[in-house]
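So the structure is just underneath, and the comments pick up after that.
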């Protein structure tokens, strides 16, 4: 059962990491223009 | 300047010579549709000297440009026009205030989701049978996760419940808050005393499901509002003011002062009341009064804010601005009219009025019952809590928003932007329609009466000329020609001669679109009031007459509304003769020459005898009626004021969205009632179990998620309701 002492904090840390990342994506405005992001990959770059 | 000044942006491209301070300007560009447009605008603007960076937001149909302060917004609008996009200055979005609220809900939802998943991990282990020591430890960890999560994610509910209780009312949030707080407190007690059942998972799961409903609701509102905000702003929010020495600068409407001279171009709307000092033109007053016939205006005539200049550029001396204009009276009427609307009680809150006391009584009775049966305080309290949790309106909380969000999404795809769920509820109750004429039954823009006299070559040339101008007649002509599938001819050397028309060359010959009283190369001598242009091709002049035509599907829409039991009538501010023609054609009862106050009074008379009127209108003169009606719709071409007062805005040429909206709203309420029935049935099954003391956290979790999924699944059926009549409008 000692493995639990390691696994539980680990799983919680991973969950918190995911939550933190989601908060960061929200704050950095990544959901402001979802349609635009989907369409931008279709823009042809200028030939170099 | 309407440019929003933000903290300095680091220029993406070093400006030539020295580093000039940059400012950010925002423009709404309704024409952005695809990746090609994004590329074209961003690359095109980057080449303009002085522009540091341009960023397109496709969802909001906006462009943010960071540019040197020497560059003004008009130059940028011109540049965008050269790229092929009509642009407007974007003002601060008056409807975007609750963006922050949506973000708060999303964060609360994310935290609740995190908590729910982690606690469930421990709960599943507990349910599958652990020894007392491990169970105790898992309960402790669940408590450590659950309590902060409940405190954070529960705030929206606690705050709303507290507000309701403070005003001695009750809403859905009161039973939710009591249930969550009791469950958490009870579970904490269980944990401290090493008990068997902790409901942290139930409490957090409840919050998660309810937050999901709230968040969807808020996102639906946000999307509709940003869609409407993109339509706003064609009305005069400012004007080009002529300064000393003839230089012009842009001045916002609220900074205009009496005595200033505005230069009003063709197609622009006036930002303030004033007196024409120079030039002759035709003024479209339909937004302000509902009159469909344009009025001539020459030096000395008074013109009002909110009217549109259809003819030539004129100079207007401001006599009254902002608060003193003719619009201000309308605004006052609207404020008063809007108050009756706020008395409407939403269906969820009406349900809560019955539900909350019932649930609390039931929980209290089971507590008393078990006490009398000699079970002891602890056991009686556990059971009472279980009753509260199992009856906690998880499905009830989702029953309304889930159905409304799905319906609003389906309507949005059909070109109808619903501002909130209460609009759908009121729309379903409507039993009468009152329609404005100009701009609502009609398109609201001059369109050619017929194009039959034009041959294919003439049509192509006409489009080639018309599409190069922003004049309302040119725009109407270009729109009608494009609708017929005409491809524009290549017209060279196109130039717009202000006040006379468009001139160019095609295949070596001179072609022109001219005002009827202008001779090729000559000057205007009389003032034309009739709306018409002459097309000059190969030496022949063809007159194209314009009128504000009816929307293409008015008759079908009125028939559909009648089929739904909604008789229609016209309430117009236009002259009796103009209204009579339309009324006879459509077979409707009509009232003409109504002032804004008259329309509102008519609505109040109908409401007094028990009718629930759906008002459809576009003009400033409809504003008070839109605000005062039981429910109201406005077309996308409506004045800003009307779009903000209306419950929903429909875009496009067709009127059919009005009938579809009523149909979908009724289907939505049907689904809401089914959802309520399911939630009640679930309670009828689950509550006896809870009262008997058979509900464990496992049963609670299963029942909760099961009933929620059932309700959401039922609501999803609505996605098809809006498309059921064939999707025949070519979208």
Once the Cα atoms of helix B:472-483 and of chain B are each reduced to a long axis, what angle between those two axes, in degrees from 0 to 90 to the nearest 10, is obtained? 70 degrees
Return a whole-number percent for the relative contact order of chain B, with Cα pairs under 8 Å and 6 or more residues apart as the contact set. 13 percent
The range B:128-190: spread of alpha-carbon positions along the three principal axes, whole Å, largest first, is 48, 18, 17
Most packed first (mean Cβ within 10 Å per residue), the peptides B:140-147, B:547-554 order as B:140-147, B:547-554
Sites residue B:670 and residue B:705, calculated FRET efficiency, Cβ-Cβ separation with R0 22 Å, nearest 0.05: 0.35
Hydrodynamic radius (Kirkwood) for the protein assembly as shown, which is based on Cα pairs only, to one decimal in Å: 29.8 Å
Tilt of helix B:347-372 relative to the longest C-alpha principal axis of chain B, in degrees (0 to 90, nearest 10)? 10 degrees
How do the peptides B:643-656, B:272-285 rank, highest first, by the average count of neighbouring beta carbon atoms within 10 Å per residue? B:643-656, B:272-285
Ellipticity estimate at 222 nm from DSSP helix runs (n ≥ 4, -39,500 (n - 2.57)) divided over the protein assembly as shown, nearest 500: -16500 deg cm²/dmol
Volume per residue (Å³) of the convex hull spanned by the alpha carbons of the range B:244-302 is 103 Å³
At 7 Å along Cα-to-Cβ for each site, give me the label-to-label distance between residue B:335 and residue B:377 in nm. 5.6 nm
I need the semi-axes of the equivalent ellipsoid of chain B: take the C-alpha gyration tensor, multiply each eigenvalue by 5, square-root it, list largest first in whole angstrom. 58, 30, 23
Helix B:697-716 versus the longest principal axis of chain B: what is the Cα-based angle in degrees, 0 to 90, to the nearest 10? 20 degrees
Compute the separation of the alpha-carbon centres of the range B:530-606 and the range B:440-485 and state it in Å as a whole number. 20 Å
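Coordinate-derived values only; no laboratory data. All values reported here derive from a predicted model rather than from experimental measurement. Here the Cβ is made from the backbone with ideal geometry for all residues, glycine too, and neighbour counts use every protein chain on show.
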